[in-house]
1. If a residue has to be polar (S, T, N, Q) and buried (at least 17 other Cβ atoms within 10 Å of the Cβ) to count, how many in region 30-53 make the cut?
2. Take the conditions in contact with a strand residue (DSSP E or B) (Cβ under 7 Å, 6 or more places away or on another chain) and of a type in the set (Asp, Glu) and apply them to GLU6. Does it pass?
3. Tell me, which strands (runs of 3 or more DSSP E) lie completely within region 37-127 with 2 or more residues that are more than 15 Å from PRO19 (Cβ to Cβ)?
4. Of the residues that make up region 56-64, is at least one modelled with pLDDT of 90 or more, closer than 20 Å to SER115 by Cα and charged (D, E, K, R)?
Amino acid sequence: MDAPLERIPLFLRAGSIMPLGSKGRSNTLTDDYRELLIMPFIDQGKANMSIFDDDGVSFDYLNGKHLTLDIELNCSSKAIEINITKKGHYEPQYKELVFTLPHTEQRQLIVNGKSVESGYKLPISEI
């Protein structure tokens, strides 16, 4: 594999969802969106994950001031379905989730029952 120092490869297992902040930013507190890079199963498979978020500074999460996004990924040969629920009482700096699929992915993407395209933006307030 060609891997020059200025372009380090990243390997993700099928069925992974990787949360990403805005490109080029070192401070995620200024992000206005959170990208979810979806690496679907090649054919069929199911996976679950959770994203936990808080202010990153205080112990307020002990008093319920946190956000948990529970994500369920279901892949079939025809569709990639994602269902997201949220728990907690914290409003993160980012206001929307952006769903990104690999460029070669041709299956239908369904987020919380809605057929969408890669790059779809889901406001946190609508979860």
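1. To start, the set of residues in region 30-53 that are polar (S, T, N, Q) comprises 30, 44, 48, 50.
Subset that is buried (at least 17 other Cβ atoms within 10 Å of the Cβ): none.
Qualifying residue count, region 30-53: 0.
2. Numbers: in contact with a strand residue (DSSP E or B) (Cβ under 7 Å, 6 or more places away or on another chain): no; of a type in the set (Asp, Glu): yes.
In short, no.
3. Details: elements: 45-53, 67-75, 79-88, 96-100, 108-111, 114-116, 120-123.
Those strands (runs of 3 or more DSSP E) span 45-53, 67-75, 79-88, 108-111, 114-116, 120-123.
4. Checking region 56-64: not a single residue is modelled with pLDDT of 90 or more, closer than 20 Å to SER115 by Cα and charged (D, E, K, R).
The values are calculated or read from the model by the stated rules, or taken from the named source; none is laboratory data. Fair warning: this is a prediction, and the values are worked out from it, not measured in the lab. Counting neighbours? That spans all protein chains shown, and the Cβs are built from the backbone with ideal geometry, glycine included.
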